[in-house]
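What follows is a short report on a single structure.
No value in this document is a laboratory result; all are computed from the given coordinates. Model, not experiment: these values are computed from the prediction. Using ideal geometry, Cβ is built from the backbone for each residue, glycine included, and neighbour counts are taken over all protein chains shown.
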Amino acid sequence: MKSDFIVRQGDVLVIKIDSLADAEKAEKVGNNHILAYGEASGHAHAIRADHCELYHANDNIIELAKKYGIIDSRSVTYGLRIIVDNAKLLHGTPTKDFTDPHDPDHTSIDLPCGDYLVIRPREYSDEEEFKVIAD
């Protein structure tokens, strides 16, 4: 299968899919669902919790990801359901709220209602084998 909507914000890839498999819901952090934390700066990629439902990746979601060409199951981190049209994928520091930075790789992104896979792409390093791509 091929997705007609794929977006990237730094080291987070969000792929729209037809339907999300059932999984355990993830806990929110404050008023947000955190899709990924930064490596050193304390930043995060997030969506307002009242705009979405976030699910831990389980076997069903990983199998679904394979249908969309994601062969590295370790890169699949969450299933995501957007329940408010044009919910924003935000970037910033959770304790200082989220901002809309000038860096084009990290501006907020509108996500239409629907189901998504959240992917943290990985890269090969001679010292560490595969690791999550740094943002």
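Here are the numbers for this structure:
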read-out	value
Cβ-based exposure ranking for Arg120, Arg48, in which fewest neighbours within 10 Å come first	Arg48, Arg120
Of every Cα-Cα pair in region 1-84, the percent that sits beyond 19 Å	38 percent
Loop GluC sites (Glu not before Pro), region 37-93, which have at most 15 other Cβ atoms in a 10 Å radius of their Cβ (DSSP)	Glu39
Normalised contact order of region 7-54, rounded percent, pairs of Cα under 8 Å and 6 or more residues apart	31 percent
Cross-link table Lys28/Lys88; Lys28/Lys67; Lys25/Lys88; Lys67/Lys88; Lys16/Lys66, entries beyond 24 Å C-alpha to C-alpha	Lys28/Lys67; Lys67/Lys88
Ranked Leu54, Leu20, criterion: other C-beta atoms within 10 Å, fewest first	Leu20, Leu54
